[in-house]
2 protein chains.
Amino acid sequence: MRRLAQELDTGPASLYVYVRNTAELHAAVLDELLGEVDLGSIRGGGDWRQQLVRVLSSYTAVLFEHPGLARSALVARPSGPRYLELLEALLALLAQGGVPDGRAAWGVDALLQFATATAAEQATRDAAPDAQDEIDALVAAVRGSCAQTHPRLAALGDELFSGTGQDRLAWGFHVLINGILQTARPGATDR
Amino acid sequence: MRRLAQELDTGPASLYVYVRNTAELHAAVLDELLGEVDLGSIRGGGDWRQQLVRVLSSYTAVLFEHPGLARSALVARPSGPRYLELLEALLALLAQGGVPDGRAAWGVDALLQFATATAAEQATRDAAPDAQDEIDALVAAVRGSCAQTHPRLAALGDELFSGTGQDRLAWGFHVLINGILQTARPGATDR
DNA sequence: ACCTGAACACCGTTCAAGT
DNA sequence: ACCTGAACACCGTTCAAGT
């Protein structure tokens with residue numbers, strides 16, 4: 001708020017004429033930024049799964065550039081035209097893949113949550129090198145764990161921290177898509 | 001920091017003797033709290049899937065009580081004994097389900113991230129009623145969306161916001177578990 | 001060596017007062 | 001009606017100075 005106000009050569013109080021609080025500001029800014037997600041070029045090729053992963057990766061990339069936004073997007077979703085467009089595109093692709101309607105509704109939420117959380121996690125770590133300390137501590141703890149008491153941990157070891165962020169993100173999307181295809185919602189029909 | 005210092009009848013500076021920053025403090029507190037996740041009672045019945053969902057739900061419940069912790073757990077993971085115990089238990093259950101080692105390593109991460117993100121999201125919304133405004137705005141925007149330009153959105157409508165938090169969480173766990181079972185990691189063997 | 005008072009450099013939000 | 005200066009009530013972190 002204060003930084004934006006300064007940029008606009010005014011006091012922070014003036015912003016509250018246009019916006020109710022920081023969450024609302026973040027949601028509005030994110031919706032604007034979502035213009036960078038090119039939904040048109042999605043039809044560039046590949047099946048619906050690949051197209052889905054492409055849109056979601058593009059969404060993640062936008063958030064990745066703005067760690068603070070990613071963190072608040074987890075709690076305060078935008079509701080502007082770009083976000084609606086994104087939802088529509090994702091729902092269309094899921095329908096194309098034969099996912100039942102109700103399940104697709106919950107599915108987009110899971111997919112976007114995964115994308116947002118991953119962006120918040122990685123972007124924050126990149127921006128604040130201090131945050132890297134915590135996972136370094138975890139790596140050390142796993143390496144130092146006793147094979148007697150923690151056999152699985154000892155067996156897997158560094159495997160837990162392997163792979164690039166890109167690869168893990170794409171794998172996660174595919175896990176979710178496959179899972180959504182195979183998992184009925186609780187209750188009878190799952191229309 | 002300041003609140004904890006006050007509780008301890010000292011100044012905030014004193015805490016920096018024991019802890020490097022807030023992230024480290026949060027990670028340590030969360031590890032302590034993880035003692036409430038009863039890994040023993042997991043063997044209470046059901047197959048490995050149900051047991052997995054039970055542990056993860058218990059983990060989510062702990063975070064749910066502490067919104068602030070949940071938010072920072074997304075970025076700064078604990079590395080204490082309770083967290084290692086939790087990882088070990090989850091890995092053991094995945095192995096029992098026949099998930100290949102390397103895939104299980106990435107899988108626990110996805111499962112815990114989903115649990116943590118869901119807790120951060122819902123707990124924050126519950127704690128700060130202001131945050132509810134944003135999803136209210138989204139509900140209104142979806143309802144007001146035009147069926148011509150956004151056919152899927154119009155068709156699904158309130159379905160997007162249906163279900164209890166509990167049901168969506170459990171469904172998400174099952175989606176991930178099923179997805180993990182069916183999705184190989186990039187690269188050749190996926191040992 | 002271990003601890004801490006006081007200060008530094010920030011936040012978001014409110015509200016009375018101005019134009 | 002629209003805008004805003006100034007204040008309120010907070011933060012995390014540092015560091016010189018104390019015991």
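Read the figures in this text as sums done on the coordinates, not as results from a lab. Model, not experiment: these values are computed from the prediction. For neighbour counting, all protein chains shown are included, and Cβ atoms are generated from backbone atoms with ideal geometry for every residue, glycine included.
Assess whether A:A141 counts as being at the interface with chain B (Cβ under 7 Å from one of its Cβ atoms), assigned to a helix (DSSP H, G or I) and either touching a residue at least 12 places away in the same chain (Cβ under 8 Å) or more than 16 Å from B:A73 (Cα to Cα) (or both). Please lay out each step first, then the result.
Details: at the interface with chain B (Cβ under 7 Å from one of its Cβ atoms): yes; assigned to a helix (DSSP H, G or I): yes; either touching a residue at least 12 places away in the same chain (Cβ under 8 Å) or more than 16 Å from B:A73 (Cα to Cα) (or both): yes.
So A:A141 passes the test.
Need pairs with beta-carbon distance below 6 Å; first residue touching a residue at least 24 places away in the same chain (Cβ under 8 Å) and farther than 13 Å from A:D158 by Cα and within segment B:94-114, second basic (K, R) and in a helix (DSSP H, G or I); sequence gap 6+ or separate chains.
Filtered contacts from segment B:94-114: no entries.
If a residue has to be farther than 13 Å from B:Q113 by Cβ and of a type in the set (A, V, I, L, M) to count, how many in segment B:59-74 make the cut?
Here the count works out to 3.
Does segment B:79-96 hold any residues that are facing another protein chain (nearest Cβ under 7 Å) and either buried (at least 21 other Cβ atoms within 10 Å of the Cβ) or within 27 Å of B:V29 (Cβ to Cβ) (or both), and which are they? Reasoning before the result, please.
In the first step, residues of segment B:79-96 are kept if they are facing another protein chain (nearest Cβ under 7 Å); the result is B:79, B:84, B:87-88, B:91-92, B:95.
Answer for segment B:79-96, where residues must be facing another protein chain (nearest Cβ under 7 Å) and either buried (at least 21 other Cβ atoms within 10 Å of the Cβ) or within 27 Å of B:V29 (Cβ to Cβ) (or both): B:S79, B:L84, B:L87, B:E88, B:L91, B:A92.
Could you look through segment B:150-191, keep only residues that are of a type in the set (S, T, N, Q) and more than 8 Å from chain A (Cβ to nearest Cβ), and pick out the one that is nearest to B:L111 (Cα to Cα)?
We begin by selecting, within segment B:150-191, every residue of a type in the set (S, T, N, Q); these are B:162, B:164, B:166, B:178, B:182-183, B:189.
Adding the requirement that they be more than 8 Å from chain A (Cβ to nearest Cβ) leaves B:164, B:166, B:189.
On the way: B:T164: 19, B:Q166: 15, B:T189: 22 Å.
The extreme case among them is B:Q166.
Could you grab me the full set of residues in segment B:22-59 that are farther than 20 Å from B:A5 by Cβ and either among the hydroxyl-bearing types (S, T, Y) or not in a helix (DSSP H, G or I) (or both)?
If the condition is that a residue be farther than 20 Å from B:A5 by Cβ and either among the hydroxyl-bearing types (S, T, Y) or not in a helix (DSSP H, G or I) (or both), then B:V37, B:D38, B:L39, B:S41, B:G45, B:G46, B:D47, B:S57, B:S58, B:Y59 are the ones that fit.
Identify all residues within segment B:1-14 that are near DNA strand C (Cβ under 8 Å from one of its atoms) and part of a helix (DSSP H, G or I); write none if there are none.
Correct list: B:P12, B:A13, B:S14.
Assess whether B:A76 counts as being at negative phi, in contact with a His (Cβ under 7 Å, 6 or more places away or on another chain) and buried (at least 20 other Cβ atoms within 10 Å of the Cβ). Reasoning before the result, please.
Working: at negative phi: yes; in contact with a His (Cβ under 7 Å, 6 or more places away or on another chain): yes; buried (at least 20 other Cβ atoms within 10 Å of the Cβ): yes.
The answer is yes for B:A76.
Among the candidates B:A76, B:A147, B:A131, which residue alone is part of a helix (DSSP H, G or I) and either of a type in the set (A, V, I, L, M) or farther than 28 Å from A:A105 by Cα (or both)? Even if it seems obvious, please write down each step before you answer.
Values: B:A76 fails: part of a helix (DSSP H, G or I); B:A147 fails: part of a helix (DSSP H, G or I).
Checking each option against the conditions leaves just B:A131.
Show the residue pairs that are 6+ apart or on different chains and have beta-carbon atoms under 6 Å apart, the first residue being within segment B:1-26 and free of Cβ contacts under 8 Å to residues at least 40 places away in the same chain, the second being more than 7 Å from DNA strand C (Cβ to nearest atom) and part of a loop (DSSP other than H, G, I, E, B).
B:P12/B:M1; B:L15/B:M1; B:L25/B:V19
Let's see how each residue does on (1) at the interface with chain A (Cβ under 8 Å from one of its Cβ atoms); (2) within 22 Å of A:P78 (Cβ to Cβ):
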| site | (1), (2) |
| --- | --- |
| B:G98 | no, no |
| B:E121 | yes, yes |
| B:D126 | no, yes |
| B:A131 | yes, yes |
| B:A147 | no, yes |
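Name the single residue, out of those in segment B:5-34 being within 17 Å of B:E65 (Cα to Cα) and among the acidic types (D, E), that is farthest from the other protein chains (Cβ to nearest Cβ).
B:E32
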